[in-house]
1. Would you check if there is a residue in the range 140-147 being over 25 Å from PHE38 (Cα atoms) and not in a helix (DSSP H, G or I)?
2. Cβ-Cβ under 6 Å, sequence separation 6+ or interchain: first residue in the range 67-93 and over 16 Å from THR103 (Cα atoms), partner among the aromatic types (Phe, Trp, Tyr) and modelled with pLDDT of 90 or more. Which pairs?
3. What is the residue count in the range 90-115 for residues that are in a helix (DSSP H, G or I) and within 19 Å of PRO237 (Cα to Cα)?
4. Of the residues ILE181, ILE118, ILE122, only one is buried (at least 20 other Cβ atoms within 10 Å of the Cβ), part of a helix (DSSP H, G or I) and modelled with pLDDT under 95; which?
5. Can we say LYS96 is of a type in the set (Lys, Arg) and modelled with pLDDT of 90 or more?
6. Being surrounded by fewer than 18 Cβ atoms within 10 Å (Cβ to Cβ) and in a helix (DSSP H, G or I) is the filter here, so list the residues in the range 77-89 that pass it.
7. Select from the range 101-114 the residues that are of a type in the set (S, T, N, Q) and either under 28 Å from the mean Cα position of the chain (by Cα) or closer than 24 Å to TYR182 by Cβ (or both) and write down the one among them that is surrounded by the most Cβ atoms within 10 Å (Cβ to Cβ).
8. Considering the range 120-136 alone, what residues qualify as being within 13 Å of LEU220 (Cβ to Cβ) and among the small types (Gly, Ala, Ser)?
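The values are calculated or read from the model by the stated rules, or taken from the named source; none is laboratory data. Owing to the predicted nature of the structure, the values given are computational and were not obtained by experimental measurement. Heads up, the Cβs are rebuilt from the backbone with ideal geometry, glycines too, and the neighbour counts pull from every protein chain shown.
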Amino acid sequence: MSHIKNRFFILRSINFGLLVIFLTAISFVFVDLPFFKFTRTMSGYIFWFFENVIDLISDIFDPFNITLISIIFLINVFSIKKTLKIPYKRKLIESKFNATTETINQTLVYYNLIFYHIILSILFSGLICHILKFIIGAARPKYFFLDGFERLNNFNLLHKANALPSGHTQAAFTIVMLLIIYINRYKLIFLLIAFLIGLSRIFLSMHFLSDIILGAYVGLVGPIITYIFFLKDKFDPINFDKVLKPKVFFKLLCYKLFI
């Protein structure tokens, strides 16, 4: 039930952002090509794992799917708000969940903001990722090794050839950061999944290591930036003592269908 407030100091640090940029540059110049070539020497089982397991998991973290689900939840929250305006239905809901109108309203406001935050984070992080791809113009392995592209071609209009930062990695880390913010459990598992999704992009010949480093950073800071600049003032007035737990909230969504 917690959100950002005073958490994630390191990710919010300018110095950490500069460190990420430095590591990305070092990887781009010295590590990307040797590491990519090294992965080509690894067992075929590893390639199979990334292609058939991790890539399948990345489909679950597809930002379009998450955005669509969030929009559906927003529509349902709006529908419950309309239902509460009908006196006898409001009393049925209050009686069923043993909650006051204020508690139900606070709950709807809170979860409404969460779904807005999810959508904003995905859109904002994705936009930043694609702007950086265009500005930097770093070639994907396929275009570098097979089509003779320069490693760096700033403001490259052939967007599909641009690799830095990795969009799949950014999307995975954006969604994982949102899960960490609102679930606040299984952090290491979520981060491991996002890391493996990022690493899979190298084994699938779509990206270099530097693309993964910067993509992960953009994905992690996106939800924090959108919270601070767009939603913090809306979260602050919420009385969290009067917010129903997620399980009860989902039951409320289902119950609304039967009244």
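1. Here is the first cut: in the range 140-147, the ones over 25 Å from PHE38 (Cα atoms) are none.
Within the range 140-147 (the criterion being over 25 Å from PHE38 (Cα atoms) and not in a helix (DSSP H, G or I)), the answer is no, since none of the residues qualifies.
2. From the range 67-93, the pairs are SER70/PHE115; PHE73/PHE115; LEU74/PHE115.
3. In the first step, residues of the range 90-115 are kept if they are in a helix (DSSP H, G or I); the result is 90-97, 101-115.
Applying the additional criterion that residues be within 19 Å of PRO237 (Cα to Cα) yields 101-115.
So the answer is 15.
4. Values: ILE118 fails: modelled with pLDDT under 95; ILE122 fails: modelled with pLDDT under 95.
Among ILE181, ILE118, ILE122, only ILE181 is buried (at least 20 other Cβ atoms within 10 Å of the Cβ), part of a helix (DSSP H, G or I) and modelled with pLDDT under 95.
5. Working: of a type in the set (Lys, Arg): yes; modelled with pLDDT of 90 or more: no.
Here the answer is no, as LYS96 does not meet what is asked.
6. Correct list: PHE78, SER79, LYS81, LYS82, THR83, PRO87, TYR88, LYS89.
7. Step one: of the range 101-114, the residues of a type in the set (S, T, N, Q) are 101, 103, 105-107, 112.
From the residues that got through so far, the ones that are either under 28 Å from the mean Cα position of the chain (by Cα) or closer than 24 Å to TYR182 by Cβ (or both) too are 103, 105-107, 112.
On the way: THR103: 17, ASN105: 15, GLN106: 20, THR107: 23, ASN112: 17.
Filtering the range 101-114 for residues that are of a type in the set (S, T, N, Q) and either under 28 Å from the mean Cα position of the chain (by Cα) or closer than 24 Å to TYR182 by Cβ (or both), the one surrounded by the most Cβ atoms within 10 Å (Cβ to Cβ) comes out as THR107.
8. Initially, the range 120-136 is screened for residues within 13 Å of LEU220 (Cβ to Cβ), giving 121, 124-125, 128-129.
The answer is SER121, SER125.
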